[in-house]
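The values are calculated or read from the model by the stated rules, or taken from the named source; none is laboratory data. Here the structure is a predicted model, which is why all the values come from computation and not from measurement. A quick note on method: Cβ atoms are made from the backbone with ideal geometry, for glycine too, and the neighbour counts reach across all protein chains shown.
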Amino acid sequence: MRMKGAQILLHMLKLHEIKHVFGLPGETTLGLYREWLKCPGITHILTHDERSAAFMAEAYAKVTGKVGVSEAPSPGAGHPVPGVIESFTGSVPTLCLTSDVPFNSDKKNMLSGFDQNSLYSAITKESILVTRAKDLPFLIRRAFRVAVSGRPGAVHMRIPMDVYEEEAEVSDLYPDPCMARWPYQRPIADLKQVVKAIELLAAAKRPVIVCGQGALVSDAGDEVAALAEMLNIPVGCTMTGKGTISERHPLSIRLVGARGGDQLFQQVPSDRGSRIFYRLQYRFSGDRRLEAAPFCSGTKDHKPQHRRRGRIEQLQNRSSHGRRRKGHTELHAPKDK
């Protein structure tokens, strides 16, 4: 089948269940937009600028479970960087498509041309340069596979404007259906390590569970709650893990990390971190006290000030003295005497 590069791109996106793309047109994407008018299966969401498109693609990926796709023309190819960084560091699969002047024309000081791959290679899992239209099917499949496999993240694809207009004979227009959604190809823990983790949790005197985005994306909220209730362990969530377990749950210590709310709740993982710190997440960033906490340290040299149940009861008893806000109770750390 003979198709233009723009037609190949749009067809491959449809095969990977993409129904919305965020971005705005420019002179280097006119070839793509002309073919887009003939492709009703993908809705274009017009944004004010390229930065908004990248952030909207990230939010789309979180809500739908699909890869979020944004596009930007060559004059604004550097603008999606903040949103791409957010996807990359937050482990959210997105595909950022940027058009460009014809290949190697940037060496001739052509307007708006620059080495996009050098810029994006530092902030994505992979930055792909397309030089021929016939390579698009394979490279699109690769982009989706890289975005959703392992630790998910952002992928960048640079497509020169002449590739959109180039015609090519293609015979490999097919997707890998598993690549359309995330999480994909989830790793399975070694059973011996699982048993070891259970033994550590059961023997720990002051454990705490901190759930990140990995627990949320895996829809592991019920399992986390069951584990916490069985062993009576407090559960906190990072900002990207919020929603894994209800903040109304009696064992919830709500948001933890650098952007955590209540001072008393922030103290719990810090106090307990020297015992056992059980993490369910892709990436944790924020409070240095939590980053420094060992994953499974010993329990011989430190005597707990409170028993596990006593600490939870202490938090519950103090709730009656806290400020009331909509939907939850705000607790406060005791004042120094």
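Mind checking whether some residue in segment 238-246 is at positive phi and assigned to a loop (DSSP other than H, G, I, E, B)?
Applying the first criterion (at positive phi) to segment 238-246 yields 243.
With assigned to a loop (DSSP other than H, G, I, E, B) added as a condition, the list becomes 243.
The answer is yes, given that some residue of segment 238-246 is at positive phi and assigned to a loop (DSSP other than H, G, I, E, B).
Residues being farther than 18 Å from PHE144 by Cα, touching a residue at least 24 places away in the same chain (Cβ under 8 Å) and assigned to a loop (DSSP other than H, G, I, E, B): count how many of those fall in segment 49-106.
The number of residues fulfilling the criteria is 9.
Looking only at segment 99-107, decide whether some residue is surrounded by 14 or more Cβ atoms within 10 Å (Cβ to Cβ) and among the basic types (Lys, Arg).
Quick first cut of segment 99-107, residues surrounded by 14 or more Cβ atoms within 10 Å (Cβ to Cβ) only: 99-103, 105-106.
After this cut, where a residue has to be among the basic types (Lys, Arg) as well, the list is none.
No: segment 99-107 contains no residue that is surrounded by 14 or more Cβ atoms within 10 Å (Cβ to Cβ) and among the basic types (Lys, Arg).
Does ASP219 satisfy the condition of being surrounded by fewer than 23 Cβ atoms within 10 Å (Cβ to Cβ), assigned by TED's automatic domain parsing to the domain that holds LEU139 and out of contact with any Cys (no Cβ under 9 Å at 6 or more places or on another chain)?
No.
I'd like the residue in segment 108-125 that is modelled with pLDDT of 85 or more and part of a helix (DSSP H, G or I) and, out of all such residues, is surrounded by the most Cβ atoms within 10 Å (Cβ to Cβ). Explain how you work it out, then say what you get.
Quick first cut of segment 108-125, residues modelled with pLDDT of 85 or more only: 115-125.
Filter once more, so that each one left must be part of a helix (DSSP H, G or I): 116-120.
Numbers: GLN116: 22, ASN117: 17, SER118: 9, LEU119: 18, TYR120: 25.
If we take residues in segment 108-125 being modelled with pLDDT of 85 or more and part of a helix (DSSP H, G or I), then TYR120 is surrounded by the most Cβ atoms within 10 Å (Cβ to Cβ).
Right, PRO40: outside the structural domain of THR240 (by TED's automatic domain parsing), of a type outside the set (Lys, Arg) and within 24 Å of the chain's Cα centre (by Cα) or not?
Values: outside the structural domain of THR240 (by TED's automatic domain parsing): yes; of a type outside the set (Lys, Arg): yes; within 24 Å of the chain's Cα centre (by Cα): no.
For PRO40, the condition - outside the structural domain of THR240 (by TED's automatic domain parsing), of a type outside the set (Lys, Arg) and within 24 Å of the chain's Cα centre (by Cα) - is not met.
From the set of residues in segment 125-176 that are hydroxyl-bearing (Ser, Thr, Tyr) and in contact with a Leu (Cβ under 9 Å, 6 or more places away or on another chain), which is nearest to ILE8 (Cα to Cα)? Break it down stepwise before answering.
Restricting attention to segment 125-176, the residues satisfying the condition of being hydroxyl-bearing (Ser, Thr, Tyr) are 127, 131, 149, 164, 171, 174.
Next, from what is left, pick out any that are in contact with a Leu (Cβ under 9 Å, 6 or more places away or on another chain): 127, 164, 174.
On the way: SER127: 19, TYR164: 9, TYR174: 11 Å.
The selected residue is TYR164.
Report those strands (runs of 3 or more DSSP E) wholly inside segment 151-226 carrying at least 2 residues which are closer than 30 Å to ALA122 by Cα and touching a residue at least 24 places away in the same chain (Cβ under 8 Å). Before you say what the answer is, go through the steps one by one.
Values: elements: 154-160, 167-169, 207-211.
Output list reads 154-160, 207-211.
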